[in-house]
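The values are calculated or read from the model by the stated rules, or taken from the named source; none is laboratory data. Computed from a predicted model, the values in this text were never measured in an experiment. Methodologically, a virtual Cβ is constructed for each residue, glycine included, from the backbone with ideal geometry; neighbour enumeration extends over all protein chains shown. Note: areas computed on protein heavy atoms with side chains; ligands, DNA, RNA excluded. Shrake-Rupley method; radii C 1.70, N 1.55, O 1.52, S 1.80 Å.
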Amino acid sequence: MSNYITDDTRKISKDSIFLKTPQNEKFIESISKKTKIIDRDELKNYYNTNIDIIGITGTNGKTTTAAAIYSILLDMGYKVALLGTRGMFINDKQIKDKGLTTPSLLELYQDIDKAVSLKCDFFVMEVSSHAIKQERIYGLNFCLKILTNITSDHLDYHKTIQDYCKTKIQFLQNGDCPKIINIDDINGVAMRFFPSVLTYGVESKGNFFVNAYGLRNGIFAKLTFRDKKTQNNNEIHEECVLESSLFGLFNLYNLMAAILAVRIITKKNIQNICDLLKNFAGVSGRMETISKEPLIIIDFAHTTDGMQKIFESFKTKNISVVFGAGGDRDKSKRPKMGECASLYASKIYITNDNPRSEEPLEIAKDIFNGIIDKKNNQDIKIIENKKYHIKSKINKEIEIEIITNRKNAIYKAIKELPKDYVLLILGKGDECEQIFKDNKIKFNDKECVLDILDKKNKV
């Protein structure tokens with residue numbers, strides 16, 4: 001019977017059961033009185049959600065943290081489901097394509113029921129701020145919740161950073177399961193006083209902290225886990241060494257969150273958990289090395305904070321960067337993204353992300369305006385396909401060019417890439433399309449780079 005449940009009034013058939021949610025209740029009046037209507041609390045009569053659910057929320061790091069937890073648990077021999085931005089996976093097989101970070105309530109219950117039917121031990125999922133706000137995780141019992149960080153994002157929806165933070169905090173407050181927070185995150189640190197909270201950090205000493213680390217060729221870190229809970233009247237105190245091929249300080253945070261999560265839910269030795277991370281190669285489109293000579297890396301970073309974390313990982317190198325910003329989204333972050341790029345990169349190519357209904361050049365201009373020092377560049381006319389040699393707000397010499405065609409921007413960035421530079425292509429990660437006002441086109445950064453390099457090598 002569960003196959004006939006729908007939350008879409010357009011898909012009601014003779015035998016349908018209609019699920020009423022906050023999103024569709026205004027359409028209830030259009031439904032035939034013969035149609036059976038159920039509310040959200042009745043969903044568990046149709047779908048089995050009796051599984052340990054791990055929920056990860058945060059502005060950045062959700063996908064990598066979730067994937068790392070999934071990878072470790074699989075290597076431990078557990079049966080595991082993973083749901084998030086990249087789709088749904090069960091026991092190393094993809095069973096659903098990419099969609100929303102967190103699907104509708106009905107689809108989510110169906111996904112969990114599928115995992116239960118396949119006898120999974122854990123269901124690992126990304127939890128978006130939209131899903132929290134819209135109650136798309138209503139009625140679920142989590143065995144563990146994780147907050148990676150909170151930085152400015154999705155203000156087109158939340159309107160204020162205060163509402164965005166409040167939404168994330170709400171997820172942590174609800175339920176009495178253990179919670180994990182990043183104690184170094186300024187917006188999340190107050191949550192350390194919530195019940196059942198364990199903390200991790202690089203700069204601060206919480207329950208799981210760093211004694212020493214290096215990031216030159218991947219990640220190497222000496223870590224300590226401690227907990228007030230006692231075993232035989234002794235405080236838990238474990239030390240471990242983490243080695244990973246992943247790049248960047250932000251990935252150290254992601255891996256620490258994953259390690260601590262697995263330690264809490266399995267009680268396994270923390271060094272054994274760290275050892276299993278050697279098998280985790282990261283997530284496609286997240287700090288992914290596409291070429292070593294020349295060094296070209298793509299990442300999903302599309303916020304100021306996300307970009308800064310990528311740049312910081314390569315601050316000892318000369319940086320060239322290709323990026324844009326999404327249309328019909330938070331406009332306030334565009335100049336901030338431009339300014340962030342100008343602090344680290346010497347060559348900047350501003351291009352399309354997903355412009356949607358907005359004019360691409362106008363989005364690019366918003367980014368450009370965050371880079372230039374308006375006092376010294378009052379008369380500058382911003383046009384496309386013109387290379388500007390300017391001084392940034394910190395008096396740094398920068399080359400900037402607006403090329404709204406993303407393929408052309410990547411091509412030119414590769415063509416003009418000096419040998420001692422790293423090229424960072426940011427914003428879209430492993431996305432496979434671009435969204436414009438009237439159409440969508442197939443486009444993938446990795447495929448684009450490989451095609452350009454292949455043609456270059458044949459010349």
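Go through the range 133-147 and report how many residues are surrounded by fewer than 22 Cβ atoms within 10 Å (Cβ to Cβ) and either in a helix (DSSP H, G or I) or in contact with a Lys or Arg (Cβ under 7 Å, 6 or more places away or on another chain) (or both).
3
Could you say whether any residue in the range 271-278 is part of a helix (DSSP H, G or I), surrounded by fewer than 21 Cβ atoms within 10 Å (Cβ to Cβ) and in contact with a helix residue (DSSP H, G or I) (Cβ under 6 Å, 6 or more places away or on another chain)?
Quick first cut of the range 271-278, residues part of a helix (DSSP H, G or I) only: 271-278.
Filter again for surrounded by fewer than 21 Cβ atoms within 10 Å (Cβ to Cβ), leaving 271-272, 275-276, 278.
When the remaining residues are screened for being in contact with a helix residue (DSSP H, G or I) (Cβ under 6 Å, 6 or more places away or on another chain), the result is 276.
Taking every residue of the range 271-278 in turn, at least one turns out to be part of a helix (DSSP H, G or I), surrounded by fewer than 21 Cβ atoms within 10 Å (Cβ to Cβ) and in contact with a helix residue (DSSP H, G or I) (Cβ under 6 Å, 6 or more places away or on another chain).
Got at least one residue in the range 163-171 being assigned to a loop (DSSP other than H, G, I, E, B), modelled with pLDDT under 95 and surrounded by fewer than 21 Cβ atoms within 10 Å (Cβ to Cβ)?
Filtering the range 163-171 down to residues assigned to a loop (DSSP other than H, G, I, E, B) leaves none.
Scanning the range 163-171 turns up no residue that is assigned to a loop (DSSP other than H, G, I, E, B), modelled with pLDDT under 95 and surrounded by fewer than 21 Cβ atoms within 10 Å (Cβ to Cβ).
Could you grab me the full set of residues in the range 52-80 that are closer than 20 Å to A281 by Cβ, among the aliphatic types (A, V, I, L, M) and not in a loop (DSSP other than H, G, I, E, B)?
I56, A66, A67, A68, I69, I72, L73, L74, V80 - these are the residues of the range 52-80 that are closer than 20 Å to A281 by Cβ, among the aliphatic types (A, V, I, L, M) and not in a loop (DSSP other than H, G, I, E, B).
Yes or no: the range 67-85 includes at least one residue that is out of contact with any helix residue (DSSP H, G or I) (no Cβ under 8 Å at 6 or more places or on another chain) and open to solvent by less than 20 Å² (accessible area, probe 1.4 Å).
yes
So P103 clears everything in (1) free of Cβ contacts under 8 Å to residues at least 24 places away in the same chain; (2) part of a loop (DSSP other than H, G, I, E, B) except one condition, right? Which one?
Looking at each condition in turn, P103 falls short on (1).
Kindly establish whether K205 is at pLDDT below 90 and either touching a Leu at 6+ places or on another chain (Cβ under 7 Å) or surrounded by fewer than 20 Cβ atoms within 10 Å (Cβ to Cβ) (or both).
no
Condition (residue is over 25 Å from S204 (Cβ atoms) and under 19 Å from the mean Cα position of the chain (by Cα)) applied to the range 300-318: is it met by at least one residue?
Yes.
Out of all the residues in the range 344-393, which are farther than 30 Å from E433 by Cβ, of a type in the set (A, V, I, L, M, F, W, C) and crowded, with 16+ Cβ neighbours inside 10 Å?
Selection gives I372, I390.
Tell me yes or no: at least one residue of the range 369-387 is touching a helix residue (DSSP H, G or I) at 6+ places or on another chain (Cβ under 8 Å), without any contact (Cβ under 8 Å) to a residue 24 or more places away in the chain and of a type in the set (D, E, K, R).
yes
Tell me which residues, restricted to the range 303-343, are part of a loop (DSSP other than H, G, I, E, B), open to solvent by less than 10 Å² (accessible area, probe 1.4 Å) and touching a strand residue (DSSP E or B) at 6+ places or on another chain (Cβ under 7 Å).
Scanning the range 303-343 gives F314, G324.
Show the residue pairs that are 6+ apart or on different chains and have beta-carbon atoms under 8 Å apart, the first residue being within the range 282-294 and hydroxyl-bearing (S, T, Y), the second being in a loop (DSSP other than H, G, I, E, B) and surrounded by 17 or more Cβ atoms within 10 Å (Cβ to Cβ).
From residues that are hydroxyl-bearing (S, T, Y), the pairs are S284/R86; S284/G429; S284/D430; T289/F247.
Please determine whether any residue of the range 33-51 is in a strand (DSSP E or B), over 24 Å from L147 (Cβ atoms) and open to solvent by less than 20 Å² (accessible area, probe 1.4 Å).
Scanning the range 33-51 turns up at least one residue that is in a strand (DSSP E or B), over 24 Å from L147 (Cβ atoms) and open to solvent by less than 20 Å² (accessible area, probe 1.4 Å).
Taking the range 408-459 as the search range and keeping residues that are open to solvent by 80 Å² or more (accessible area, probe 1.4 Å) and under 22 Å from the mean Cα position of the chain (by Cα), which one is nearest to I298 (Cα to Cα)?
It comes out as E447.
For residues in the range 10-32 being more than 29 Å from Q170 (Cβ to Cβ) and outside any loop (DSSP other than H, G, I, E, B), which is least open to solvent (accessible area, probe 1.4 Å)?
I17
Across the range 215-240, which residue is modelled with the lowest pLDDT among those that are assigned to a loop (DSSP other than H, G, I, E, B) and closer than 21 Å to E288 by Cβ?
It comes out as N217.
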